[in-house]
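Below is one structure; the comments refer to it alone.
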Amino acid sequence: TGSGSGSGYSSLSQAQVDTIIQKSRRTLGGAKPAAVRLTFHDCVGGCNGCLNVDNPDNKGLEDVVAGLESVYQEEEFYNIISRADLWALMGIWSVNETIARNNEDCSLYGPNGSLPSPNEHTYENCQMVPELQVPFMWGRKDCETAPYASTDVHLPASTLGYDGLMQFFSSEFGFTPREVTALMGVHTIGKADILNSGFHGTWVNNEQGYFNTQYYINMANSSLGWRAVQRLCENLPNVDTELCEAGQISGWQWQVGGTGFNIHADMAIYKNFSVQDSGEPECSYDECPLSPTAPVVEEFAQDNSLWIEEFSSIYTKMLAHGTGELYPVE
């Protein structure tokens with residue numbers, strides 16, 4: 001079986017890339033947001049195809065890693081690509097798939113569509129999203145113990161306020177506050193599970209499979225009634241409550257019933273607040289002053305094309321973090 005550095009490849013063709021996607025996509029199923037999350041967790045400390053699945057911060061990614069590893073071994077992809085490259089490729093593919101799904105459903109059920117909404121979700125304000133501009137480049141090298149590692153790369157705390165968030169991304173990746181704001185929009189897809197992260201909810205209700213700017217639109221909408229709350233595990237929807245510990249409660253999170261939720265690191269790009277030791281923010285949504293990046297949030301909320309352009313640029317940069325030279329597919 002293949003393991004180790006994953007270096008020593010000389011070329012990669014588009015036909016090979018297509019085969020890799022075709023064989024790997026089935027293992028992701030509904031886990032496309034997790035595949036995108038995996039690329040971030042892999043690239044903190046340098047994209048190297050290695051994840052410490054014993055670190056609680058990585059909880060919920062173990063199945064994605066194991067699924068992709070099975071395909072990697074069964075199809076003998078170790079002969080043509082590193083795991084770090086495979087993870088990056090499937091992260092890019094997952095974003096593209098969630099853009100395609102957004103556009104497909106918007107064209108069917110949206111203002112110009114011919115079909116009624118298939119669920120309770122309204123599509124009257126949906127917008128078409130331009131294509132992601134992230135070309136897949138290869139050449140990342142795996143760590144020696146890939147796909148697993150026992151070391152910790154110090155992922156950012158979900159409780160970070162504005163200063164802490166910007167400091168982390170600046171020191172780890174060299175990102176500017178505007179770039180961080182563009183990258184955080186990736187939370188427009190996916191949801192959090194109290195049994196994985198300690199937080200619970202869908203960032204954008206009914207749209208966890210759509211890559212669009214609704215994350216920013218909701219965050220900047222002061223009429224929604226955003227509140228910082230904690231939630232009791234046994235009262236949560238979509239949870240096997242038998243797995244809740246007695247009295248288990250979620251971390252402090254920003255919530256709007258029926259609309260979505262944000263963790264502190266999300267809301268920090270729009271509101272500037274400090275957090276008490278308990279995790280409770282020092283101010284309410286209405287009282288907290290705007291963050292320095294609040295105007296950027298409002299820009300992205302109004303312009304899908306601008307956000308996709310800037311997200312594409314920063315995601316490309318993130319996927320090259322700590323790597324040597326990367327090469328285009330032939």
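Could you check, for the stretch 40-53, whether at least one of its residues is without any contact (Cβ under 8 Å) to a residue 60 or more places away in the chain, part of a helix (DSSP H, G or I) and more than 26 Å from Val180 (Cα to Cα)? There is no residue in the stretch 40-53 that is without any contact (Cβ under 8 Å) to a residue 60 or more places away in the chain, part of a helix (DSSP H, G or I) and more than 26 Å from Val180 (Cα to Cα). Screening Asp85 on (1) closer than 26 Å to Ile308 by Cβ; (2) open to solvent by 70 Å² or more (accessible area, probe 1.4 Å); (3) not in a loop (DSSP other than H, G, I, E, B) shows it passes everything except condition (2).
Quick check on Glu120: is it more than 17 Å from the chain's Cα centre (by Cα) and charged (D, E, K, R)? Yes; evaluated as a whole, the condition is true for this residue. Against the numbered list (1) under 15 Å from Ser223 (Cα atoms); (2) touching a residue at least 24 places away in the same chain (Cβ under 8 Å), Pro292 comes up short only at (1).
Scanning the stretch 163-208 for residues that are assigned to a loop (DSSP other than H, G, I, E, B) and either touching a Pro at 6+ places or on another chain (Cβ under 8 Å) or closer than 22 Å to Tyr285 by Cα (or both) returns Ile189, Gly190, Gly198, Phe199, His200, Trp203, Val204, Asn205, Gln208.
Conditions tested, residue by residue: (1) among the hydroxyl-bearing types (Ser, Thr, Tyr); (2) open to solvent by 60 Å² or more (accessible area, probe 1.4 Å); (3) touching a helix residue (DSSP H, G or I) at 6+ places or on another chain (Cβ under 6 Å); (4) touching a residue at least 12 places away in the same chain (Cβ under 8 Å).
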site	(1), (2), (3), (4)
Cys143	no, no, no, yes
Ala149	no, no, no, yes
Tyr210	yes, no, yes, yes
Tyr215	yes, no, yes, yes
Ser223	yes, yes, no, no
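Could you tell me whether Gly60 is open to solvent by less than 50 Å² (accessible area, probe 1.4 Å), over 21 Å from Lys141 (Cα atoms) and without any contact (Cβ under 8 Å) to a residue 40 or more places away in the chain? So Gly60 does not fit the description; no.
This table checks each residue for (1) among the basic types (Lys, Arg); (2) in contact with a helix residue (DSSP H, G or I) (Cβ under 9 Å, 6 or more places away or on another chain); (3) open to solvent by less than 50 Å² (accessible area, probe 1.4 Å); (4) closer than 30 Å to Ser171 by Cα.
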site: Asp42; (1), (2), (3), (4): no, yes, yes, yes
site: Gly110; (1), (2), (3), (4): no, no, yes, no
site: Leu115; (1), (2), (3), (4): no, yes, no, no
site: Cys126; (1), (2), (3), (4): no, yes, yes, no
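Taking Leu236 as the residue in question, decide whether it is more than 16 Å from Ala220 (Cα to Cα), under 20 Å from the mean Cα position of the chain (by Cα) and surrounded by 14 or more Cβ atoms within 10 Å (Cβ to Cβ). Considered against the rule, which asks whether it is more than 16 Å from Ala220 (Cα to Cα), under 20 Å from the mean Cα position of the chain (by Cα) and surrounded by 14 or more Cβ atoms within 10 Å (Cβ to Cβ), Leu236 comes out as no. In the stretch 115-134, the residues that are closer than 16 Å to Arg101 by Cα form Cβ pairs under 6 Å with partners that are small (Gly, Ala, Ser), at six or more places apart or across chains, as follows: Tyr123/Gly110; Tyr123/Ser117; Cys126/Gly110; Pro130/Ser305; Leu132/Ser312. Residues that are crowded, with 17+ Cβ neighbours inside 10 Å and more than 22 Å from Asp57 (Cα to Cα): does the stretch 195-205 have at least one? Checked against the condition, which is being crowded, with 17+ Cβ neighbours inside 10 Å and more than 22 Å from Asp57 (Cα to Cα), the stretch 195-205 yields at least one hit. Quick check on my filter: what residues within the stretch 151-201 are in contact (Cβ under 8 Å) with a residue 12 or more places away in the chain and on the phi > 0 side of the Ramachandran plot? Within the stretch 151-201, His154, Gly190, Gly198, Gly201 qualify. Contact map, the stretch 91-103: residues that are farther than 18 Å from Ala320 by Cβ and part of a helix (DSSP H, G or I) paired with residues that are modelled with pLDDT under 95 and open to solvent by less than 30 Å² (accessible area, probe 1.4 Å), Cβ distance under 6 Å, separation 6+ or inter-chain. Pairs shown: Thr98/Gly209; Arg101/Gly209. Considering only residues in the stretch 21-37 that are under 16 Å from Phe211 (Cβ atoms) and among the hydrophobic types (A, V, I, L, M, F, W, C), the one that is farthest from the chain's Cα centre (by Cα) turns out to be Leu28. Could you please let me know if Pro135 is open to solvent by 10 Å² or more (accessible area, probe 1.4 Å), closer than 21 Å to Leu183 by Cα and out of contact with any Pro (no Cβ under 9 Å at 6 or more places or on another chain)? Taking the combined requirement at face value, the residue does not satisfy it. Restricting Gly260, Gly174, Gly161 to those that are more than 14 Å from the chain's Cα centre (by Cα) and open to solvent by 20 Å² or more (accessible area, probe 1.4 Å) reduces the list to Gly174. Among the residues of the stretch 65-76, just one is out of contact with any Lys or Arg (no Cβ under 8 Å at 6 or more places or on another chain) and crowded, with 21+ Cβ neighbours inside 10 Å, namely Val65.
The values are calculated or read from the model by the stated rules, or taken from the named source; none is laboratory data. What you see is a predicted model; the values in this text were computed from it and never measured. Here Cβ is always computed from backbone atoms with ideal geometry, including for glycine, and neighbour counts include all displayed protein chains. With ligands, DNA and RNA removed, areas are computed over all heavy atoms of the protein, side chains included. Shrake-Rupley method; radii C 1.70, N 1.55, O 1.52, S 1.80 Å.
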